[in-house]
1. Hey, any hits in the stretch 149-158 for a residue that's surrounded by fewer than 22 Cβ atoms within 10 Å (Cβ to Cβ) and among the aromatic types (Phe, Trp, Tyr)?
2. Could you please find all residues in the stretch 31-48 being under 21 Å from Thr134 (Cβ atoms) and either assigned to a strand (DSSP E or B) or not polar (S, T, N, Q) (or both)?
3. Does any residue in the stretch 272-288 that is in a loop (DSSP other than H, G, I, E, B) come within less than 8 Å, Cβ to Cβ, of a residue that is buried (at least 17 other Cβ atoms within 10 Å of the Cβ) six or more places away or on a different chain, and which pairs are these?
4. Just to be sure I understand the filter: pairs with C-beta atoms under 9 Å, separated by 6 or more residues or on different chains, first member in the stretch 44-65 and surrounded by fewer than 17 Cβ atoms within 10 Å (Cβ to Cβ), second member outside any helix (DSSP H, G or I) and small (Gly, Ala, Ser). Which pairs pass?
5. Based on what the data block shows, is Ile90 within 17 Å of Val118 (Cβ to Cβ) and not hydroxyl-bearing (Ser, Thr, Tyr)?
6. Hey, could you check the stretch 256-289 for residues that are at pLDDT 70 or above and of a type in the set (Ser, Thr, Tyr) and say which is nearest to the chain's Cα centre (by Cα)?
7. Could you please find all residues in the stretch 172-199 being buried (at least 20 other Cβ atoms within 10 Å of the Cβ), assigned to a strand (DSSP E or B) and either β-branched (Val, Ile, Thr) or over 23 Å from the mean Cα position of the chain (by Cα) (or both)?
8. Which residues, taken from the stretch 200-221, are touching a residue at least 40 places away in the same chain (Cβ under 8 Å), part of a loop (DSSP other than H, G, I, E, B) and polar (S, T, N, Q)?
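The values are calculated or read from the model by the stated rules, or taken from the named source; none is laboratory data. This is a predicted model, so every value here is computed, not measured. For neighbour counting, all protein chains shown are included, and Cβ atoms are generated from backbone atoms with ideal geometry for every residue, glycine included.
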Amino acid sequence: MPFTSQPPIPIKEKITVQYIVENLRDRVNINLVACAAADCCNNRYVREPELHRPGLALAGYVKLYTYQRIQIIGNTETQFLENLSKNKQISAFRNLMQFQIPVIFLTDGNQLPDYLLVMAEEAGIPVYSTPYETTRFMYLLRDFLDDQFALQTVVHGAMVDVYGIGILIVGRSGIGKSEVALDLVERGHRLVADDVVMLTKKSSVLMGSATEMSKHFMEIRGLGIVDVMKMFGIRSVRYQKRLEVVMELTLWEDNLEVNRTGLDHDTVNLLDVEVPFIQLPITPGKNITVIAEVIAMNHLLKHYGYDAAQAFQNRIQNSIAAKSKGKEDTMKRAIEYFEGDIE
């Protein structure tokens, strides 16, 4: 299989708490209120996407305390502190303050007493409060962190959203990837990226996008650079799309082995994710754009449980079985009786 991707881009080693807070506010629309040491956020770093709830650490067990993670204090931890006397609250909170915690988030609108916030201020540990419920906040925060620390790679090709299916068009330089993508856009589909496609692994899903420099621009050989969004409107582009099919354009060769039935489901491994792979030999007169649309629709049918190749194979097997029993001739007309259609 000639198609390959570039080696993974190195994962981010760290991001600042300030960067996290700003993006949670602006991109995720989470209301965050600074409670302590907000000016220390640029000096505090997060190095992994996992979160931690410090219940045991507040109770005094810090042997396995993962203090380097973002700390989430929800209803359980808050009520634990509220049921302690002031001196015991200070003692319990000091169990946390002795470590270089990057940031503490108080969820469900919970608040800490002022004397505990003073301790955080003196230790230079930022504390923020949010009205979001704990589980919901942790889900959104972990999703953001997973994206920031995700594996990425670069692929040379064009990516288009065709009927809601993200198709990555690859092939050797000059074979016509951008022209096929442009034809699909003209037919009402949406361009994700041209020439350079950034792939990001989130959980077991690959998300494709353009680079900041090349988004919604295309290079058409012999014509030059075109701005797809300005030319076809906002409906013609999208900035991200899940990758679901890789379609490789190859020149036709007599000795080229191609899939004739569709029973063999080839895949390509990208960032340890197996993606359906279709090798499409091209010849003069072949309408690659229409075939790309059919690939997308066929993928949708498979997603909803219908495999045309398997259905056709079952029909052949049933016909062979019936013939062996002397019940049916395999070469039979599709209908029993032609109605009066003589036009």
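1. yes
2. Leu32, Val33, Ala34, Cys35, Ala36, Val46, Glu48
3. Asp272/Lys201
4. Close Cβ pairs (under 9 Å, with a partner that is outside any helix (DSSP H, G or I) and small (Gly, Ala, Ser)) do not exist here.
5. Yes; evaluated as a whole, the condition is true for this residue.
6. The selected residue is Thr267.
7. Val192, Val197 - these are the residues of the stretch 172-199 that are buried (at least 20 other Cβ atoms within 10 Å of the Cβ), assigned to a strand (DSSP E or B) and either β-branched (Val, Ile, Thr) or over 23 Å from the mean Cα position of the chain (by Cα) (or both).
8. Once the filter is applied, which keeps residues that are touching a residue at least 40 places away in the same chain (Cβ under 8 Å), part of a loop (DSSP other than H, G, I, E, B) and polar (S, T, N, Q), the stretch 200-221 yields Ser203, Ser204.
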